[in-house]
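J.: What follows is a structure written as structure tokens; I'll ask about it next.
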Amino acid sequence: MSGVWVFKNGVVRLVENPGADSLQGSNSRRKVLVHTPSDDVISSYAVLERKLVSLGWERYYDDPDLLQYHKRSTVHLISLPKDFNKFKSMHMYDIVVKNRNLFEVRDM
């Protein structure tokens, strides 16, 4: 995992390979989220929601622009853009960190 950690407005996020898009153009590798116990690639929010609900996550409906999931036994909140096309690696890594050993991010 390479990149630069950026702190902005109280939030830390990883910017992967800054400038790589301008160097590689369309040849940059796309990341995918994989549910490791089943080896399923998460190809839609419907698939992801089934996996998360089975792990005890509950959907929040407070923000119309986001999909949000909370697990009662933790303080964790997963916030995702409503449009799956805007689902980026930073969202994938957030899911990985909050669900240890159950998801991983892979190069496609």
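J.: Give, in whole angstrom and from largest to smallest, the semi-axes √(5λ) of the equivalent ellipsoid of the chain, with λ running over the eigenvalues of the Cα gyration tensor. The partial results should precede the final answer.
T.: Details: eigenvalues 116, 59, 36 Å².
Over the Cα atoms of the chain, the semi-axes work out to 24, 17, 13 Å.
J.: Let me ask something else. Taking the Cα centre as origin and putting +1 on Lys and Arg beta-carbons and -1 on Asp and Glu beta-carbons, what dipole magnitude results for the chain, to the nearest 20 debye?
T.: 160
J.: Once the Cα atoms of helix 45-54 and of the chain are each reduced to a long axis, what angle between those two axes, in degrees from 0 to 90 to the nearest 10, is obtained?
T.: 50
J.: Quick check: residue separation of SER54 and VAL32 times 0.36 nm, minus the Cα distance between them. What number comes out in nm?
T.: Residue separation times 0.36 nm, minus the Cα-Cα distance, leaves 5.9 nm.
J.: Got the relative contact order for the stretch 25-105 handy, in percent, Cα pairs under 8 Å and 6 or more residues apart? Please list the in-between numbers first.
T.: Values: 94 pairs, mean separation 23.8, N = 81.
After rounding, I find 29 percent.
J.: If I model a spin label at LYS88 and ASP107 as a point 7 Å from the Cα along the Cα→Cβ vector, what separation in nanometres do I get?
T.: 2.0
J.: If you don't mind, there's one more thing I want to ask. In nanometres, what is the gap between the two model label sites at VAL97 and VAL47, each 7 Å from Cα along Cα-to-Cβ?
T.: Once both label points are built, they end up 2.4 nm from each other.
J.: In a shell of Cβ-Cβ distance under 13 Å around SER38, excluding SER38 itself, what net charge do Lys and Arg (+1) and Asp and Glu (-1) give? List each step's numbers first, then the result.
T.: Values: positive: ARG50, LYS51; negative: ASP39, ASP40, GLU104.
For residues surrounding SER38, the net value is -1.
Read the figures in this text as sums done on the coordinates, not as results from a lab. Note that the structure is predicted; figures quoted are calculated from it, not measured. A quick note on method: Cβ atoms are made from the backbone with ideal geometry, for glycine too, and the neighbour counts reach across all protein chains shown.
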